[in-house]
Ligand code: ADP
Ligand code: MG
């Protein structure tokens, strides 16, 4: 396994055009050895391009790829020691399932014993044991994709296993189980796994770290919790979480509060620099609760609908023409028409030009000298 460093990488598929377009804008990042990463973003945002640059199928227009500090930018795929699993099965259909799984190991002259041990172990994890002696062409489409996945996982000596939407053709129940198995493989063998998906649930349940992309740009890298609680941009707030983050256009009313439909909402961001600027207040529906009385940061709303979504209720309400959504427990009673909602100060995110404002409010505290005594 290796630490993988992408250093000032960018890529254009038409670099010689008068106006080249960039599938990847310049970015740098490091993938630590043995971790699980997800590259998440809508179709066409550059996920596959990024993965292919790491595996060597695409040479970046600028920048360097380092595996454990060694520059591999000009190395061919086969010399990079990477396993790659694609969206659709890549298998030898006339070979048996066993031979398909054994192939990457035999190519590298592993002993018969090691081949047998690894093939059996991977076949066990992927539910392929009873098919080992069948020709691969006799298997169903999703089983064929499991063979592809198995061929990626069978070697323990790879720098990383790169998976490009590998479970697209697999049915949802099996998908859930396979994601869990992949996590176990990562924990057991400490294989660096990089998993490309456009599905935020897949990314959030699979990865330690998620790289969120939009239109060729890496917009945020972080743990699922960081992406959920402090989205770097309104795009991340919108793309991650269900429902999407509540976002309201507003203006700063004081150094730390904004106005939403005439109600002052305190935030823990320093807004003095943002006076008279158009900003947005972002708040997750999970953090908004029904208030019992009118205190600070409580806003009145008209109930539109309450949906029972199994383990929680989703309240949709109107503040003037604005729509606000709040996730509440099943036990919470919701009034029929008017409702007071509490918006916690420390959970408010402020966005300027769609980017998170990270300047925190400063709290002054008085430090008394040691021998200071209050006057009698
Ligand atoms: P994703 O995997 O997120 O769907 P891709 O990396 O495949 O995105 O594509 C990013 C952008 O690059 C898209 O606009 C796509 O049309 C373009 N692109 C991808 N592959 C090629 C290629 N071989 N030649 C030209 N343009 C490409
Ligand atoms: Mg793709």
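Structure notes:
- When you restrict to C-alpha pairs under 8 Å that are six or more residues apart and normalise by the size of the chain, the relative contact order lands at 15 percent.
- Anisotropy class assigned to segment 19-176 is prolate, per the alpha carbon gyration tensor with a/c at or over the 1.5 cut-off and a/b larger than b/c.
- Global form of segment 89-196, assessed from the alpha-carbon gyration tensor, a/c cut-off 1.5: oblate
- Kirkwood radius, the chain, all distinct C-alpha pairs, inverse of mean reciprocal distance: 23.9 Å.
- The value obtained for segment 69-130, namely the Cα convex hull volume divided by the number of residues, is 144 Å³ per residue.
- Prolate/oblate/rounded label for segment 190-243 (Cα gyration tensor, a/c 1.5): prolate
- Listed residues 100, 16, 302, most fluctuating in the chain (Gaussian network, C-alpha, under 10 Å): 16
- Peptide packing: for 4-13, 313-322, the average count of neighbouring Cβ atoms within 10 Å per residue gives the ranking 4-13, 313-322, highest mean first.
- Degrees, to the nearest 10: 141-153 long Cα axis against longest axis of the chain: 90
- Per-residue Cβ neighbour rank within 10 angstrom, fewest leading, 118, 179: 179, 118
- Residue among 233, 191, 223 with the largest mean-square fluctuation in a Gaussian network model of the chain, springs linking Cα atoms under 10 Å: 223
- For the chain, modelled as a GNM whose springs connect Cα atoms under 10 angstrom apart, the maximal fluctuation among 305, 355, 175 occurs at 305.
Each reported figure results from applying straightforward, stated rules to the coordinates on display, with no laboratory input. Computed from a prediction, not measured in an experiment: that's the story for all the values here. We place every Cβ from the backbone using ideal geometry, glycine too, and count neighbours over all the protein chains shown.
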